[in-house]
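First up is the structure itself, then whatever we jot down about it.
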Amino acid sequence: MTDNSSRKHVWWGAFSVPENQSGRWCIGPAILTISHLKNEWTVACDTAQEAAENFVEIALGIEQPEETGPKAQVARFCLSHAGNTLVLTPALADRSVVIRTEKPLHVLPAQEVKLYVSSPLWVRIETGDPRLIMQDIPVIRPSDTWFGTSTIEGELCYANRVYGRLSIEEIIYRPHRAITPVLLRNHGKEPLLLERLNLPVPYLSLYESGEGYLWTQSITLDAGADNKAGLELKKGPPKEAKGSKLISEPRNKADKSILSRALKSIIS
Amino acid sequence: MTESLSWLTDFLTPERVVSLVRAAVILAIGIIVTKLLCVYLEKILKKRTSPQQAKTFCKISYYLILTLVAVSALRELGFNLSILLGAAGILTVAIGFASQTSASNIISGLFLLMDRPFQIGDVIEVGGTMGFVNEVELLSVKLRTFQNALVRIPNEDIIKNQVKNFTFYPIRRIDIEVGVAYKEDIAKVRDLLKEVADSNPLCLEEPAPLFVYKGYGNSSLDLMLGVWVKKENFLLLTNSIKDEIKVAFDKNGIEIPFPHISVYTGSVTDPFPVTVAKN
């Protein structure tokens, strides 16, 4: 049995928003206001820079929502039926995320290390029966970045600067990010320099731990001496996420080309 | 009248009627089958080649098969093929001489298809004309300018001139020229520009923004900020980042100078003579 008081940071799930009422979800600095009108839902996304990174607040039954800021993105969705159910589901990014450690990290030869890195979350807003996706948007829009050997060859990704923590106790939980355990194995004879790591999040599943934290399946990266890298996406939730359940399926299906690549296309 | 009728009845012998019907059937079925074949061919080719290559190959195939169908229909009507081919040869030479430009455009079109310097939807500039590639045909390339005008450029001109494709690669760089007053601290301006680039999510983190100290201008220190962007967001970032730079400069008291005119009275020491006019 999970203690609900320890799950205060859970902002996802099914909610009832009757007609002419609104709900507001504060997820870290992101503010999501969803209003239910006759045959219509209005979704407004805004940010509050002063809000704490781990702040979560859900307010339902609002009759007159506050005015959205000038930079808020507002979208309207029309439906023929009049259901009150609104489902918010966290999901991983729709492109790979380039994890950049704040300081370069060296993995010495014949050593292995487990890193805990976090990546930005998306929110899928659904309604109706069967469920219809109204929006699939980033909770906080990450910066774009390019991961490649040149400006001609490479992949468009999202940028993500992390500390790269080595211990689970040091992890700082943020409601708009999911944690991925990455096991790095250096099979080479030279130290493996990790400045940037291309995390293929569209191929990962998202799990909710018993405590209500979000984890992805773990990844093992084998860096060989021949400049090849083997990527293994471990099945199921990571062992760190106790009592977890699947919350979001991978966006894309992983194939061989994703799992076996040149080292430079994963680490740089 | 009776003469014409008798000629018609003489001409339309039962054998000739059968041949005419056969030729018409060959022609009708031939056209339908060719069209269906080309649609099917285009579908397959589109998966393996670019849309314009598929379209051109299908067009060539269509006219080739249609020529064969027409030849078969003529043969059914009793025409001598060798005479027909001879006449066609002479005709081709005559047409060739008369349409050298068209032939040159067709050959240039084939080179363009092989070379593939651009595709439908790309933004290109040819000889001062800039726009989206709308169609790539054997004779010409059709561009849709940003003002929504159609520009037809003969393929020969494209082969001869410099073509700039702005959307060939997935990312592009926007170069923003900024001038600041001579009194400003360049290190502070550089940090501020970097901060502006970092805070805009459309601006790529890698390749890192480029800062160039261009030199000492007439009225300002000339700087350049080069930021990389996903090609689809080019215009969006061009506008937003310029706005953000202006806001950041205003907020931090950094002056963007503009040319000043000093009026010189002809003497270094003498003040400029000012007369107050009275009503």
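Read-outs throughout are calculated quantities, based only on the coordinates presented, and are distinct from any laboratory measurement. Everything quoted here is computed from the prediction, not taken from an experiment. Using ideal geometry, Cβ is built from the backbone for each residue, glycine included, and neighbour counts are taken over all protein chains shown.
Return the equivalent ellipsoid semi-axes of segment A:4-90 as a descending list in whole Å, where each equals the square root of 5 times an eigenvalue of the C-alpha gyration tensor.
22, 17, 10
DSSP beta bridges in the protein assembly as shown, what fraction antiparallel, as a percent rounded to 5?
90
Throw me the Rg/Rh for chain B, computed over C-alpha atoms with Kirkwood Rh, two decimals.
Numbers: Rg = 33.9 Å, Rh = 26.0 Å.
Expressed as Rg/Rh, it is 1.31.
Quick one, can you get me the convex hull of the C-alpha atoms of segment B:1-65 expressed as volume per residue in Å³?
Measuring per residue, one finds 94 Å³ for the Cα hull of segment B:1-65.
What are the GluC sites (Glu not before Pro) within segment A:24-72 that DSSP puts in a loop, where the Cβ has at most 15 other Cβ atoms within 10 Å? Intermediate results must be reported in sequence, preceding the final value.
Details: sites: A:E40, A:E50, A:E53, A:E57, A:E63, A:E66, A:E67; in loops: A:E50, A:E53, A:E63, A:E66, A:E67.
When the GluC sites (Glu not before Pro) of segment A:24-72 are filtered for loop state and at most 15 Cβ neighbours within 10 Å, A:E50, A:E53, A:E63, A:E66, A:E67 remain.
Which residue, chosen from A:H9, A:A75, A:Q49, occupies the Cα position most advanced towards the positive end of the dipole of segment A:4-90, where the dipole is computed from +1 (Lys, Arg) and -1 (Asp, Glu) charges on Cβ about the Cα centre?
The residue sitting farthest along the positive end of the dipole is A:H9.
In whole Hz and in residue order, list the ³J(HN,Hα) couplings for segment A:246-255 that follow from phi through the Karplus curve 6.51 cos²θ - 1.76 cosθ + 1.60, θ = phi - 60°; x for Gly and Pro.
With coefficients 6.51, -1.76 and 1.60, one gets 5, 10, 8, 6, x, 6, 10, 8, 6, 10 Hz.
Can you sort B:T129, A:T42, B:T56 by how many other beta carbons sit within 10 Å, fewest first?
Lowest count first: B:T129, A:T42, B:T56.
Let me know the charge dipole size of the protein assembly as shown about its Cα centre in debye, to the nearest 20, where only the beta-carbon of Lys, Arg (+1) and Asp, Glu (-1) is charged.
With Lys and Arg at +1 and Asp and Glu at -1, about 1220 debye.
How big is the Rg/Rh ratio for segment B:137-199, C-alpha atoms only, Rh by Kirkwood, two decimals? All intermediate terms of the calculation are to be shown ahead of the outcome.
On the way: Rg = 20.4 Å, Rh = 16.2 Å.
Rg/Rh for segment B:137-199 comes to 1.26.
Under 8 Å for C-alpha pairs, at least 6 residues apart: give me the relative contact order for segment B:1-112, rounded to a whole percent.
Here the relative contact order equals 31 percent.
For segment B:140-279, which semi-axes, largest first and in whole Å, follow from the square roots of 5 times the eigenvalues of its Cα gyration tensor?
Working through the eigenvalues yields semi-axes of 41, 25, 15 Å.
Give me the mean projected area, in nm² to one decimal, of the convex hull enclosing the Cα positions of segment B:80-160.
6.8
Scan around A:I247 for amide H atoms under 5 Å from its own, H built in the peptide plane at 1.01 Å from N, and keep only partners 5 or more places away or cross-chain.
A:L206, A:Y207, A:E208
Calculate the radius of gyration of the Cα atoms of segment B:116-165 to one decimal place, then report Dmax, the largest Cα-Cα distance, as a whole number, both in Å.
Reported Rg and Dmax, both Å: 9.4, 25.
Which residues' amide hydrogens lie under 5 Å from the amide hydrogen of B:G217, considering only partners 5 or more residues apart or on another chain, with H built in the peptide plane?
Those lying under 5 Å, H to H, from B:G217 are B:D222.
Which translational diffusion coefficient, to the nearest whole µm²/s, is obtained for segment A:135-200 from the Stokes-Einstein equation, given a Kirkwood hydrodynamic radius over C-alpha pairs, 10 °C and 1.306 mPa s? Please list the in-between numbers first.
Numbers: Rh = 14.8 Å.
In µm²/s, the coefficient is 107.
Going toward the positive end of the dipole of the protein assembly as shown, with +1 on Lys and Arg Cβ and -1 on Asp and Glu Cβ, which of B:M224, A:T220, B:P259 do you reach last?
It is A:T220.
About its Cα centre, how strong a charge dipole does chain B have in debye, to the nearest 20, once Lys and Arg get +1 and Asp and Glu get -1 at the Cβ?
Rounded to the nearest 20 debye, it is 680 debye.
For n ≥ 4 DSSP H runs only, could you compute -39500 (n - 2.57) per run for the protein assembly as shown, divide by its residues and tell me the 222 nm figure to the nearest 500?
-9000 deg cm²/dmol
Jot down the per residue volume, in cubic angstrom and as a whole number, of the convex hull over the alpha-carbon atoms of the protein assembly as shown.
402
What are the residues whose amide H is under 5 Å from the amide H of A:Y173, where those residues sit 5 or more places off or on another chain and H is modelled from the backbone?
The answer is none.
To two decimal places, what compactness ratio does chain A give when its Cα radius of gyration is scaled by 2.2 N^0.38 Å?
Working it through for chain A, the quotient is 1.09.
What's the whole-number percent of alpha carbon pairs in segment B:171-251 lying beyond 19 angstrom? Before the final figure, lay out the partial values.
Details: 1036 of 3240 pairs.
Result: 32 percent of Cα pairs exceed 19 Å.
State to the nearest 20 debye the size of the charge dipole of segment A:5-161 about its Cα centre, where the only charges are +1 on K and R beta carbons and -1 on D and E beta carbons.
300
What lysines does A:K242 reach when the alpha-carbon gap must be under 27 Å and sequence neighbours fewer than 8 apart in one chain are set aside?
A:K8, A:K114, A:K234, A:K253
Write down the Kirkwood hydrodynamic radius of segment A:45-165, to one decimal in angstroms, obtained as one divided by the mean of 1/r over all alpha carbon pairs. Kindly include the intermediate steps, with their values, before the conclusion.
Numbers: mean 1/r = 0.0550 Å⁻¹.
About 18.2 Å, per the Kirkwood formula over Cα pairs.
If you wrap segment A:112-268's Cα atoms in a convex hull and average its projection over all directions, what's the area in nm²?
That works out to 10.6 nm².
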